[in-house]
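Peer 1: The structure is given below, and queries will be raised subsequently.
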Amino acid sequence: MIKTEAIILKSADLGETDRLLTIYSKEFGKIQVAARGTKKLESKLRYHLEPFSYSHLILVEGKNFRIVKDAVLINQFLSMRKDLGKTKIAYKIVNLVDELIVGEEKDEEIWNLLSRTLKELNVGDVIVKKFQDNLLRLLGYDPKHIKDLREIY
């Protein structure tokens with residue numbers, strides 16, 4: 001069993017009742033995990049694994065993916081979810097992380113940036129450009145020499 005804190009970046013259907021989640025975890029970086037049965041209405045994990053939820057996960061090794069066995073919601077960022085403008089910003093932030101980070105690699109600075117930014121967005125405003133520049137610096141790029149990614153998203 002593997003325990004990790006994670007922020008759900010995105011979710012995709014995997015068969016009739018399962019979901020494939022892309023998460024950014026504190027211990028592993030960006031990984032994909034399978035969440036069995038979470039499309040069922042009676043699933044106890046269903047609301048703990050929504051995009052940009054911050055959850056404590058218990059994972060087990062599966063054949064193709066790690067599998068979510070349990071989840072405890074740490075922060076659902078409800079204030080952010082109630083504001084359409086903030087929700088759009090949150091999607092831009094998690095899309096940047098998903099697009100710019102290629103493989104599984106633990107990076108505590110990126111974890112701190114992502115979790116801090118979502119917490120700040122939940123209680124106030126966040127400038128996407130500032131997040132983008134900080135993420136690019138952490139990944140080893142000079143933001144001055146890269147086209148503004150806000151135009152892409």
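FYI, it's all coordinate maths here, none of it is from the lab. As the structure is a computational prediction, the values presented were derived from the model and not from experiment. Don't worry about glycine lacking a Cβ; one is built from the backbone with ideal geometry, like all the others, and counts go over all protein chains shown.
Peer 1: Got at least one residue in region 85-100 being under 19 Å from T4 (Cβ atoms), crowded, with 18+ Cβ neighbours inside 10 Å and touching an Asp or Glu at 6+ places or on another chain (Cβ under 8 Å)? Even if it seems obvious, please write down each step before you answer.
Peer 2: Start the filter on region 85-100 by keeping residues that are under 19 Å from T4 (Cβ atoms), which leaves 94, 97-98.
Of the ones still in play, those that are also crowded, with 18+ Cβ neighbours inside 10 Å are 94, 97.
After this cut, where a residue has to be touching an Asp or Glu at 6+ places or on another chain (Cβ under 8 Å) as well, the list is none.
For region 85-100, residues under 19 Å from T4 (Cβ atoms), crowded, with 18+ Cβ neighbours inside 10 Å and touching an Asp or Glu at 6+ places or on another chain (Cβ under 8 Å): absent.
Peer 1: Would you point out the residue of region 52-66, among those that are surrounded by fewer than 17 Cβ atoms within 10 Å (Cβ to Cβ) and within 23 Å of S115 (Cα to Cα), that is nearest to the chain's Cα centre (by Cα)?
Peer 2: Looking at residues that are surrounded by fewer than 17 Cβ atoms within 10 Å (Cβ to Cβ) and within 23 Å of S115 (Cα to Cα), I get H56.
Peer 1: Would you confirm whether any residue within region 23-40 is more than 15 Å from the chain's Cα centre (by Cα), surrounded by 19 or more Cβ atoms within 10 Å (Cβ to Cβ) and charged (D, E, K, R)?
Peer 2: Going through region 23-40, the residues more than 15 Å from the chain's Cα centre (by Cα) turn out to be 36-40.
Filter again for surrounded by 19 or more Cβ atoms within 10 Å (Cβ to Cβ), leaving 38.
After this cut, where a residue has to be charged (D, E, K, R) as well, the list is none.
Within region 23-40, none of the residues are more than 15 Å from the chain's Cα centre (by Cα), surrounded by 19 or more Cβ atoms within 10 Å (Cβ to Cβ) and charged (D, E, K, R).
Quick grid of which residues meet (1) of a type outside the set (A, V, I, L, M, F, W, C); (2) in contact with a Lys or Arg (Cβ under 8 Å, 6 or more places away or on another chain); (3) on the phi > 0 side of the Ramachandran plot; (4) touching a residue at least 40 places away in the same chain (Cβ under 8 Å):
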site: L57; (1), (2), (3), (4): no, yes, no, yes
site: F65; (1), (2), (3), (4): no, no, no, yes
site: R81; (1), (2), (3), (4): yes, no, no, no
site: L84; (1), (2), (3), (4): no, no, no, no
site: K92; (1), (2), (3), (4): yes, yes, no, yes
site: V97; (1), (2), (3), (4): no, yes, no, yes
site: I101; (1), (2), (3), (4): no, yes, no, yes
site: E104; (1), (2), (3), (4): yes, yes, no, yes
